[in-house]
Amino acid sequence: MRKHIKGIDASPGVAIGKVFLYKEVEVVLSEVKVTDTKAEVERLLNGQKETRIQLEAIREKTRQKLGNEKASIFDGHITLLEDEDLVEEVKLKIEDEKKSAELALNEGIEEYCEMISNLDDEYLRERVADLRDISKRWINNILEIDIIDLGNLPANTVILARDLTPSDTAQMDLENVQGFVTEIGGKTAHSAIMARSLEVPAVVGTKEILSFVNTGDEIIVDALSGDVIIHPTAEDVEVYTAKRQNFIDEKIELAKLKDKEAFTTDGHRVDLWANIGGAKDVDGVLKNGADGIGLYRTEFLFMDNDRLPTEDEQFEAYKIVVERLAGKPVTIRTMDIGGDKALPYMKLPHEENPFLGYRALRVCLDRKDMFKTQLRALLRASAFGYLKIMFPMVINLEEVRASKELLEECKAELRVEGVKFDEEIKIGIMIETPATAFRAKHFAEEVDFFSIGTNDLTQYTLAVDRGNEVISKLYDTYNPAVLEAIRQAIEGAHAAGITISMCGEFAGDETATELLLGLGLDAFSMSASSIPKIKKNLINMSYAKSKELANEAMELRTADEIKTKVMRG
Ligand code: PEP
Ligand code: MG
């Protein structure tokens, strides 16, 4: 029966396809003593055989998509899978201790991981994550649990999940995934941000949708309005096919503005920059005519790995982006791990309040070696174009000074080593805590630029978790307190003579463009796909009139009054 569910529009577009339910099954390791040990060993070996077949298939797919070098990682996995000492150890646990195959394997692998973690061999230590990955797959195969591979789904798939991590999103095979729907999350959750940069239609925060759907059900996702229809009628399909076509046509129209500069009708120029999560997003940046990159979220480089990326690996990842932007600014943010971005191999402590906890600069200043590796890689890449460094989650000047000091140490080391870098490299901070917004002028005197992170600034000003759909109505950047923080940040920056951009999602919100222009924002940074739309708005606006609008709006008392005002103009 047709069912209509409302969610939050997180990434624009319309998807029409078939549901794929993405649910991880809970794995239970049986502790019941086995009687037929021969049969149990057989289960172990069958699981191993199946795992080998799967790993070979992944290796082949990786070879076709990414080449031999990346594919060879899976040769290493297959070698680990077939380690004879390990298999013998596990067999003994089954035969002597009468353990189930899955329990024996889990214990065997954990003991093995423990042993190599303590060795003085970095290469072997780094194999721990590989081993755990293999163990998970192998145990699933023993238990005959289907392993979900988001990179290998049928055509016209719409993924439905409770939530998707950024790495789930990164794994998706975009040729076949039409869109996705999640039960939790809001517009600024990182899965939503990833969806926008990949231009995949997405609706989030649909609460209990998973209990109404099954894999294979027909579905329509209208991510322009946040509507999801399960078992649509023939009429629905007709209406939404037309809506999807309209959306595509409009995109083609907007693409014609690609090379036009963003001057207002009275000649005021603003910069339109893109937010990216990695080098693979650069095609979209160039295609949409961005003036530069206002936010490169480097943490995805750390998250898509099973160990910390080395200085050389980071250097390559930054250099390629800087080179492709050919002299346009590339603002690279130092790693912002923590909050909703976990890094399993770093074993960060479990926290009750991760968004208020051990996150971003707090981790970096605590783990200086790791931070310096990133800073050195950034400096080295700065020799290849226009690279700016930005620090996230700042709350006090000591953090800024300590970070700058470490940067100076890195510069001194590179000079001694004779390695080139940009001696004039620009350093900025994100304004994403009220602590920095209120004291903007003082921070502005010690850095070269600011960028307002409204995603966090909103949650920290209002004490509203940005990813919690239960209170998503309260998460509102139009709340006058958040706008006041934005206004103070802009005034503080300009009082000290530095530029200020915005890289939070509010910068790509069409309804806010005139207000932000009027408040004096110098640059807007957003998902590349939003740039043409915002550019179209800006080139039809008067800077003088936007100032009047901003002055009037800031006198109003409630978010709704301000929204009504900005929407009417
Ligand atoms: C922000 O907080 O607005 C921001 C851009 O950073 P992130 O979304 O990565 O926390
Ligand atoms: Mg942030």
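Measure out, as a whole number of angstrom, how far apart the alpha-carbon centroids of the stretch 458-520 and the stretch 266-303 sit.
For the stretch 458-520 versus the stretch 266-303, the Cα centre distance is 19 Å.
Would you tally the net charge around S100, using a Cβ to Cβ cut-off of less than 14 Å, leaving S100 out, and scoring K and R as +1, D and E as -1? Can you show the working numbers first?
Working: positive: K33, K38, R43, K91, K93, K98, K99; negative: E31, D36, E40, E42, E95, D96, E97, E102, E107, E144.
Taking every Cβ under 14 Å from that of S100, the sum is -3.
Just tell me which lysines come within less than 22 Å, Cα to Cα, of K91; anything on the same chain fewer than 8 places away is out.
The reachable lysines, counting only those whose Cα sits under 22 Å from K91, are K33, K38, K49, K99, K136.
Strictly over 29 Å apart at the Cα level, which of K6/K243; K319/K547; K347/K404; K23/K319; K18/K187 would you flag in this model? Present the calculation step by step, with values, prior to reporting the outcome.
Working: K6/K243 17 Å; K319/K547 39 Å; K347/K404 27 Å; K23/K319 38 Å; K18/K187 24 Å.
As for pairs spanning more than 29 Å Cα to Cα, those are K319/K547; K23/K319.
Using Cα centres only, tell me the gap between the stretch 326-393 and the stretch 127-151 in whole Å.
If we compute the Cα centre of each part, the gap is 30 Å.
Based on the Cβ-Cβ distance of E84 and E238, what FRET efficiency does E = 1/(1 + (r/R0)^6) give at R0 = 56 Å, to the nearest 0.05?
On the way: r = 61 Å, r/R0 = 1.09.
Approximately 0.35, to the nearest 0.05.
Once Rh is set to the Kirkwood radius over Cα pairs, what Stokes-Einstein translational diffusion coefficient, in µm²/s, holds for the stretch 166-315 at a temperature of 10 °C and a viscosity of 1.306 mPa s? The partial results should precede the final answer.
Details: Rh = 18.1 Å.
Value of D from the Cα-based Kirkwood radius: 88 µm²/s.
Can you show me the helix-derived [θ] at 222 nm for the chain, built from DSSP H runs with n ≥ 4 at -39,500 (n - 2.57) apiece and divided by the number of residues, rounded to the nearest 500.
Values: 23 runs with 270 residues, N = 569.
About -14500 deg cm²/dmol.
Could you tell me the convex hull volume per residue, in Å³, taken over the Cα atoms of the stretch 37-142?
Values: hull volume 9.0 nm³, N = 106.
Dividing the Cα hull volume of the stretch 37-142 by its residue count gives 85 Å³.
Taking K61 as the anchor, which aspartates and glutamates have their alpha carbon closer than 20 Å to its alpha carbon, excluding any fewer than eight residues away along the same chain?
Excluding near neighbours in sequence, the set is E50, E69, D75, D130, D133, D146, D149, D168, D173, E175, D304, D306.
Under a point spin-label approximation (7 Å from Cα along Cα-to-Cβ), what is the A435-R367 distance to one decimal in nm?
2.0 nm
Normalised by the number of residues in the stretch 37-142, what is the relative contact order in percent for Cα pairs under 8 Å and 6+ residues apart? Mind showing how you got there, number by number?
On the way: 94 pairs, mean separation 39.1, N = 106.
Value for the stretch 37-142: 37 percent.
Taking the convex hull of the Cα atoms, report for the stretch 56-206 its projected area averaged over all directions, in nm².
On the way: hull surface 45.5 nm².
Mean shadow area of the hull around the Cα atoms is 11.4 nm².
With everything on Cα atoms, drop me the angle between helix 311-324 and the longest principal axis of the chain, reported from 0 to 90° to the nearest 10.
On a 0 to 90 degree scale, this one is about 40.
Just to be sure I understand: if I project the alpha-carbon convex hull of the stretch 466-569 onto a plane and average over all orientations, what area do I get in nm²?
On the way: hull surface 28.0 nm².
So the mean shadow area of the Cα hull is 7.0 nm².
Less than 21 Å apart at the alpha-carbon level, and either on another chain or at least 8 residues along: which lysines does that give for K260?
Output for K260: K251, K287, K328, K533, K535, K536.
Give me the net charge for the shell around G205: Cβ to Cβ below 12 angstrom, other residues only, Lys and Arg +1, Asp and Glu -1.
Working: positive: K6, R162, K187, K207, R466, K473; negative: D9, D163, E183, E208, E469.
Net charge around G205: +1.
Over the chain, what is the percentage of antiparallel beta bridges among all DSSP beta bridges, to the nearest 5? Mind showing how you got there, number by number?
Numbers: 18 of 61 bridges.
Here the share of antiparallel DSSP bridges comes out near 30 percent.
For the stretch 264-568, evaluate the Debye formula with one uniform point scatterer on each Cα (no solvent term) and list log10 I(q)/I(0) at q = 0.08, 0.09, 0.13, 0.16 Å⁻¹, rounded to two decimals.
-0.34, -0.43, -0.92, -1.39
Kindly give Rg over Rh for the stretch 133-179, based on alpha-carbon atoms, with the Kirkwood expression for the hydrodynamic radius. Provide the component values of the computation, followed by the final result.
Values: Rg = 12.2 Å, Rh = 11.9 Å.
Expressed as Rg/Rh, it is 1.02.
When the Kirkwood hydrodynamic radius is evaluated over all pairs of different C-alpha atoms of the chain, what value in angstrom, to one decimal, is obtained?
Numbers: mean 1/r = 0.0390 Å⁻¹.
Evaluated over the chain, this radius sits at 25.7 Å.
Give me a comma-separated list of calculated 3J(HN,Hα) values for the stretch 5-21, in order, Karplus coefficients 6.51, -1.76, 1.60 applied at θ = phi - 60°, integers in Hz, x for any Gly or Pro.
Result, ordered by residue: 10, 9, x, 10, 6, 10, 8, x, x, 10, 10, 10, x, 10, 6, 10, 7 Hz.
Over all alpha-carbon pairs of the stretch 364-452, lay out the pair-distance distribution in 5 Å bins, whole %, shortest bin first.
With a bin width of 5 Å, the distribution comes to 3, 14, 26, 23, 18, 11, 4, 1, 0.
Find the relative contact order for the stretch 191-261 and round it to a whole percent, using C-alpha pairs within less than 8 Å whose residues are 6+ positions apart. Each step should come with its number before you reach the end.
Values: 38 pairs, mean separation 14.4, N = 71.
The normalised contact order for the stretch 191-261 reaches 20 percent.
Net charge near R269, counting Lys/Arg +1 and Asp/Glu -1 over other residues with Cβ under 10 Å of its Cβ?
-4
Beyond 20 Å, what share of the Cα-Cα pairs of the stretch 423-508 is found? Please give it as a whole percent. All intermediate terms of the calculation are to be shown ahead of the outcome.
Details: 1138 of 3655 pairs.
Tail fraction, whole percent: 31.
Please go through the stretch 249-348 and write out the GluC sites (Glu not before Pro) that DSSP classes as loop and that have at most 16 other C-beta atoms within 10 Å. Please list the in-between numbers first.
Values: sites: E250, E253, E261, E299, E311, E313, E316, E323; in loops: E261.
For GluC sites (Glu not before Pro) across the stretch 249-348 that sit outside H, G, I, E and B with at most 16 neighbouring Cβ atoms in 10 Å, the list reads E261.
Any read-out appearing in this document is the output of simple, stated calculations on the displayed coordinates, not a laboratory observation. Predicted, not measured: the structure shown is a model, and the values here were computed from it. Note that each Cβ is placed from the backbone with ideal geometry, even for glycine, and that neighbours are counted across all protein chains shown.
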